[in-house]
Structure formats: C-alpha cells, structure tokens
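Have a look at the structure below before the remarks.
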Amino acid sequence: MDAAISAAHEAPPAVVLVSAGASHSVALLAGNVLCTWGRGEDGQLGHGDAEDRLVPTVISGFDAPGITSVICGADHTTAYSEDEHQVYSWGWGDFGRLGHGNSTDVFTPQPVKALQGIKIKQLACGDSHCLAVTMAGEVLSWGRNQNGQLGLGTTEDSLLPQTIQAFEGISVNMIAAGAEHTAAVTEDGEIYGWGWGRYGNLGLGDRNDRFVPEKVSSVE
C-alpha cells in the first residue's frame, strides 16, 4: 500500500488532555506530544510565529518529559512537566501573566524559572492571571490583578509567582479561575472566593471585590 495513503488512514494518537482559551486550544496527546490550533497572534500556539493554525499542529522542538497538565488562559498557554517539576508558559505577556518577570510576549514554550523544582498539583488560568497549587497545599499566583484576583491583598499586577499568604496554615486542594476572580477548595472541603465580585461571582452575599481569599460561609 502507498505509504502516504497508509499514513492518512492511521488512527491519530489518543488525546489525554485538552484546554481552550478565548480563541485557541491545546491538547496533550499520548506519547507526550502537544498540539495547538486556533488564533496565534500573540504566540499562544507556541510555534514560534504569530500565525493562526486551522488544524491541530504539533509544537515541534518542545521535548519536556512527563507533561501532566496543559491549561489555557485567554491568550496564553501553560504546561507542567512532572518529570522536571517545571511549569512552562507562552503567548501574550501583558500584565505578567506568563510569570517570567516581564510583560513580553513569548512565541515558544519557556520555563517559568521562579517555579523550577516546585511540585505542582494543579494549574489554573483566568483571562490574564494564573495560579498554581503545590503538592504541599500552598497557592501561588501571578499576572493581572486589577480586581484582586491574585489574592495578594493588593490590586497590583505581579510579574512573578507569589505565595498567597492568606492561606498560611490552610491546605488547598484545588483552584478554579474565572476571567477576573478565583475560587479554591481546601482539604477540609471549604470554598474560598476572591477577586471581582460585581455579579456575586464570589458567593459571599454581596457584589464587592475581595483582595484576599474569603471563606464562603453559606449555601442556600
């Protein structure tokens, strides 16, 4: 059989994980392969250019072993290598959302040096901010913070990951990021909310923003 025809009929690799941003998507395939598609204007596809991709396209040259997580923000992308204990990020860099210490766009996956060697349980990305839960139950956040969505007690953006001190003595199990607010569940099964609260999105009974995590105390 013609090799080209045979290749065309081969089953594609199994998809392990998928995530979607505002206008792009990323998938982790069996065999530790990452592919991306959609809008590429800000480098969020990781192919070294600003071109869109109309079909899933493998990110060539990215060989970090043991990828266990891929998460999209609105216009940027993150991945975690469990083997290396290393977070990677790429795409639109405004507000420090990539965690590289600046606001520069990045067009290929680059390591977040501030997180080197930290064992990560989970990553989450909002529109322009990111968070990481460590295996020790700590939470780090970085990126845009105009509504307090980083949980650091201010509205200043953070170009580098910072530990959320409000969780000192509290072990966090998981996090979720909305566009401009954040939620967390602790090991004790309690939920916390912070960031933009205009529509009651924090579950705290009002429309106020919160700059540090606050426990949701009631469920109707």
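Read-outs: derived from the displayed coordinates by stated rules, not from any lab. Keep in mind that this is a model prediction, so the values were computed, not measured. Neighbour counts run over all protein chains shown; Cβ positions are idealised from the backbone, glycine included.
In order along segment 34-43, phi translates into HN-Hα couplings of 9, 10, 9, 7, x, 6, x, 3, 9, x Hz, rounded to whole numbers, per the Karplus curve 6.51 cos²θ - 1.76 cosθ + 1.60 with θ = phi - 60° and x for Gly and Pro. Centre-to-centre separation between the Cα atoms of segment 64-88 and those of segment 155-213: 22 Å.
Name the long-range amide H neighbours of residue 59: under 5 Å, sequence gap of 5 or more, or other chain; modelled H, no Pro or chain starts. Close amide H contacts, sequence-distant or interchain: 34, 35, 36. When the inverse distances between all different Cα atoms of segment 88-144 are averaged and flipped, the Kirkwood radius reads 11.4 angstrom. Within the shell of other residues whose beta carbon sits under 15 angstrom from the beta carbon of residue 193, the net charge comes to -1, with Lys and Arg scored +1 and Asp and Glu -1. Quick check for you: which residues of segment 61-82 have the amide N under 19 Å from the point 7 Å beyond the Cα of residue 119 toward its beta carbon? Zone members listed by number: 65-69, 80-82.
The relative contact order of segment 79-182, computed from alpha carbon pairs under 8 Å that lie at least 6 residues apart in sequence, is 25 percent. For the chain, relative contact order (Cα pairs under 8 Å, six or more residues apart, normalised by length) works out to 12 percent. Backbone geometry of segment 65-81 corresponds, through the Karplus equation with coefficients 6.51, -1.76 and 1.60 at θ = phi - 60°, to 3J(HN,Hα) couplings of x, x, 5, 10, 8, 9, 9, 9, x, 4, 9, 8, 9, 10, 8, 10, 9 Hz, x marking Gly and Pro.
Centre-to-centre separation between the Cα atoms of segment 34-50 and those of segment 119-140: 23 Å. Name the residues whose placed amide hydrogens come within less than 5 Å of the amide hydrogen of residue 181, ignoring near sequence neighbours (fewer than 5 apart) on the same chain. Counting only residues 5 or more places away or on other chains, the set is 196. In angstrom, the C-alpha Rg and Dmax of segment 1-117 are 14.7, 53. Note on the chain: GNM, Cα springs under 10 Å; of 36, 78, 155, the largest mean-square fluctuation is that of 155. Counting only DSSP H runs of at least 4 residues, each contributing -39500 (n - 2.57), and dividing by the residue count of the chain, the helix-based mean residue ellipticity at 222 nm comes to -1000 deg cm²/dmol. Taking the Cα centre of segment 72-200 as origin and assigning +1 to Lys and Arg Cβ atoms and -1 to Asp and Glu Cβ atoms, the resulting dipole is close to 120 debye. A simple spin-label model places the labels of residue 188 and residue 15 4.0 nm from each other, with each point 7 Å out along Cα-to-Cβ. Hey, if you drop one equal point scatterer on each alpha-carbon of segment 181-220 and run the Debye formula without solvent, what base-10 log of I(q)/I(0) do you get at q = 0.26, 0.27, 0.28 Å⁻¹? Here the Debye-derived log intensity ratios amount to -0.81, -0.86, -0.91. Between residue 52 and 40, the built amide H atoms are under 5 Å apart, and every one of these is 5 or more places off in sequence or on another chain.
For segment 119-220, the percent of C-alpha pairs falling in each 10 Å distance bin, counted from 0 to the bin holding the largest distance, reads 18, 55, 25, 2. The GluC sites (Glu not before Pro) found in segment 4-113 that occupy coil by DSSP, while having at most 14 further C-beta atoms within 10 Å, are 10, 51, 82. The phi-based Karplus calculation (6.51 cos²θ - 1.76 cosθ + 1.60; θ = phi - 60°) puts the 3J(HN,Hα) values of segment 13-29 at x, 5, 8, 9, 9, 9, 9, 10, x, 5, 9, 9, 9, 9, 9, 9, 9 Hz, whole numbers, x for Gly and Pro. Annotation: Cα Rg of the chain relative to the compact-globule expectation 2.2 N^0.38 Å equals 1.07.
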